Amino acid sequence: MRKTGAVVLLIVIGVLSLESVQAQTQTSDQKYLADLRSSYAVLKRQGLVGLRATVVPNWTATFKDVPIKDRAALLRVANRLRFNLEVDETGNFHVTHAIVGPRPAKAAAGALDDIAKGVDLSITGFMMTWAPFMLTYLIPDNLEQFVLQDLDSQKVLTYKEREVAVSLTLTKDFEIKELSTQQGSVKPVLRRDKSGFVLTGYEGNNDDPIVGKVVINAKIRLAPVQGLLLPKTVFLNGKSGATPINFELNFLNYRLKRKG
């Protein structure tokens, strides 16, 4: 009986020790996530809760491959478009466009709609990548269900966000190298600023069920607006299926909403 009691005692001690190690690991991992979040210059943490901006495409760059004889007419039509971006307090964003002047003839109206849709989708696609990195958050607050792997030269964090499995590959000093989901991946280009990492570009690959393979290379020029670094010019190049993507988007007339 004494021997049996000693074995039971050893098992209990082992279980308690394992639970203690697991608790310490969980605490350490949660601290790592907190440090990871604070390593990025997230605008929401800096007090931004909403914004509005005008987006002006560089049509000359967009139509640079169009034959000269057709380019002037396209520029006249496209220059009548105005695009606006609005971001609310929850981080949701909305892109709209309007036509300046009278509604064009039917043939021109169809071409105008196609151009506008292309720009709308490009702005939306950019925001879908930029917003999680810089506007709101990439890693949800109070994340409890996750796996953090410590490899030789990097870490891999996996978790679910709204039932979507997310995998982050990052360096030991919190620089994210790749974000992957079942739909595709993003490889960010980051710069360390005084407030933390800021996004200056990315390479995106996505499999769209309608258009097929989408590949985007983005470069982001930033500029200070009321003390916050915001996109000034975004260059998007790539392909959506067989359709080339070539946009230079200028963000102007920022109206910011801040806490308080």
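The values are calculated or read from the model by the stated rules, or taken from the named source; none is laboratory data. As the structure is a prediction and not an experimental result, all values here were calculated from the model. Please note: Cβ atoms are built from the backbone with ideal geometry, for glycine as well, and neighbour counts cover all protein chains shown. Only protein heavy atoms, including side chains, enter the accessible area calculation; ligands, DNA and RNA are left aside. Shrake-Rupley method; radii C 1.70, N 1.55, O 1.52, S 1.80 Å.
Does Ala111 qualify as being more than 24 Å from Leu190 (Cα to Cα) and either among the acidic types (Asp, Glu) or open to solvent by 30 Å² or more (accessible area, probe 1.4 Å) (or both)?
On the way: more than 24 Å from Leu190 (Cα to Cα): yes; either among the acidic types (Asp, Glu) or open to solvent by 30 Å² or more (accessible area, probe 1.4 Å) (or both): yes.
The answer is yes for Ala111.
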Taking Ser28 as the residue in question, decide whether it is closer than 30 Å to Arg258 by Cβ and open to solvent by 60 Å² or more (accessible area, probe 1.4 Å).
no
Before we move on, is Gly47 out of contact with any Pro (no Cβ under 9 Å at 6 or more places or on another chain), at positive phi and modelled with pLDDT of 90 or more?
yes
Picked from the stretch 116-149 (must be touching a Pro at 6+ places or on another chain (Cβ under 8 Å) and aliphatic (A, V, I, L, M)), the residue surrounded by the fewest Cβ atoms within 10 Å (Cβ to Cβ) is Leu138
Within the stretch 82-101, work out how many residues are open to solvent by less than 60 Å² (accessible area, probe 1.4 Å), within 15 Å of Asp113 (Cβ to Cβ) and more than 19 Å from the chain's Cα centre (by Cα).
4
Which condition number does Ser167 fail, the rest of (1) without any contact (Cβ under 8 Å) to a residue 24 or more places away in the chain; (2) polar (S, T, N, Q); (3) loosely packed, with under 15 Cβ neighbours inside 10 Å being met?
(3)
Search result, residues across the stretch 150-159 that are within 15 Å of Glu178 (Cα to Cα), more than 18 Å from the chain's Cα centre (by Cα) and surrounded by 10 or more Cβ atoms within 10 Å (Cβ to Cβ):
Gln154, Lys155, Val156
Could you list, in sequence order, all residues of the stretch 59-81 that are open to solvent by less than 70 Å² (accessible area, probe 1.4 Å), free of Cβ contacts under 8 Å to residues at least 12 places away in the same chain and of a type in the set (A, V, I, L, M, F, W, C)?
Val66, Ala72, Ala73
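Within the stretch 210-240, which residues are among the β-branched types (Val, Ile, Thr), open to solvent by less than 20 Å² (accessible area, probe 1.4 Å) and within 14 Å of the chain's Cα centre (by Cα)?
Matches in the stretch 210-240: Ile220, Val234.
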